[in-house]
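The values are calculated or read from the model by the stated rules, or taken from the named source; none is laboratory data. Every value quoted in this text rests on a predicted model; they were computed, and no experiment measured them. Glycine gets a Cβ as well: all are built from the backbone with ideal geometry, and neighbour counts include every protein chain shown.
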Amino acid sequence: MKIAMWSGPRNLSTAMMYAFGNRPDFAIWDEPFYAPYLDATGLDHPMRDAILAAHETDPAQVASRCAGPVPDGKKHFYMKHMPHHMLDGFPLDWAQDCVNIHLIRHPARVIASYGAKRAAMTLEDIGFPQQLALYEKLGGIVIDSADIRADPDGMLRKLCENIGLDFDPAMLCWPAGARRDDGVWAAHWYGAVHQSTGFAGAEGALPDVAGHQILLDQSLPYYDALAARKL
């Protein structure tokens with residue numbers, strides 16, 4: 001099985017990658033198209049030069065690896081993808097052979113978390129329109145990060161059942177610290193998850209993002225459309 005897990009930034013996506021990566025039967029890949037996205041757009045992201053130096057920048061080469069054999073002699077392959085990385089013209093045919101899962105999070109939480117790491121943000125940066133467009137193109141399963149945090153065991157069992165995968169309790173916890181499979185950008189973005197050994201508990205009230213009200217209002221219709229289809 002190849003899983004393409006699609007999510008915007010600050011969306012429990014790294015914890016989910018660690019959950020699947022803690023299974024002995026899964027290889028994992030962290031944001032394969034991030035370097036091609038930065039190279040093609042010229043955007044000034046944190047650690048841009050280091051990312052371009054350390055990772056493949058040719059989207060065709062990345063797509064070929066996505067379509068190729070499962071690495072490391074593993075049975076299954078989990079790929080953590082971000083919809084906004086898939087620019088027009090980037091190959092997407094490889095995703096037709098994947099189990100496509102769309103991980104969502106309320107935009108108020110995404111905006112608050114993203115803003116703590118990168119002050120400037122746009123609707124395109126946090127990926128809600130691109131995520132809905134990919135869902136409409138590829139189909140698949142939608143799951144909400146809030147539901148996972150509230151009941152990791154129950155929701156991961158439900159997710160595995162829906163994709164025809166045996167559940168493994170190893171998905172519920174992992175050792176603290178960095179992973180060899182982390183992208184080089186982990187040094188900037190992954191501080192909290194590197195301190196974790198499992199999923200955090202249920203989230204409280206939505207954060208106040210009054211300074212980004214327009215961005216929140218723009219994002220909500222896309223989130224609501226996907227949330228209506230969630231497990």
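Anything in segment 70-84 that is assigned to a helix (DSSP H, G or I) and over 9 Å from the mean Cα position of the chain (by Cα)? List them, or say none. Pro71, Asp72, Gly73, His84 - these are the residues of segment 70-84 that are assigned to a helix (DSSP H, G or I) and over 9 Å from the mean Cα position of the chain (by Cα). Of everything listed in (1) in a helix (DSSP H, G or I); (2) acidic (Asp, Glu); (3) out of contact with any helix residue (DSSP H, G or I) (no Cβ under 7 Å at 6 or more places or on another chain), the single unmet condition for Asp182 is (1). Within segment 142-156, identify whether any single residue is surrounded by 14 or more Cβ atoms within 10 Å (Cβ to Cβ) and hydroxyl-bearing (Ser, Thr, Tyr), and answer yes or no. For segment 142-156, residues surrounded by 14 or more Cβ atoms within 10 Å (Cβ to Cβ) and hydroxyl-bearing (Ser, Thr, Tyr): present.
If you filter segment 104-125 down to residues that are modelled with pLDDT under 85 and assigned to a helix (DSSP H, G or I), you find that the one that is farthest from His212 (Cα to Cα) is Lys117. Out of Gly201, Gly154, Gly211, one residue alone is at pLDDT below 95 and part of a helix (DSSP H, G or I). It is Gly211.
At pLDDT 95 or above, buried (at least 21 other Cβ atoms within 10 Å of the Cβ) and in a loop (DSSP other than H, G, I, E, B): does that describe Pro36? Spell out the reasoning first.
Details: at pLDDT 95 or above: yes; buried (at least 21 other Cβ atoms within 10 Å of the Cβ): yes; in a loop (DSSP other than H, G, I, E, B): no.
Criteria not met by Pro36.
Would a scan of segment 152-169 turn up a residue that is of a type in the set (A, V, I, L, M, F, W, C), closer than 27 Å to Arg23 by Cα and touching a Leu at 6+ places or on another chain (Cβ under 6 Å)?
Kept after step one, since they are of a type in the set (A, V, I, L, M, F, W, C), are these residues of segment 152-169: 155-156, 159-160, 163, 165, 167.
Right, trim to closer than 27 Å to Arg23 by Cα and you get 155-156, 159-160, 163, 165, 167.
Narrowing further to those that are touching a Leu at 6+ places or on another chain (Cβ under 6 Å): none.
Among the residues of segment 152-169, not one is of a type in the set (A, V, I, L, M, F, W, C), closer than 27 Å to Arg23 by Cα and touching a Leu at 6+ places or on another chain (Cβ under 6 Å), which makes the answer no.
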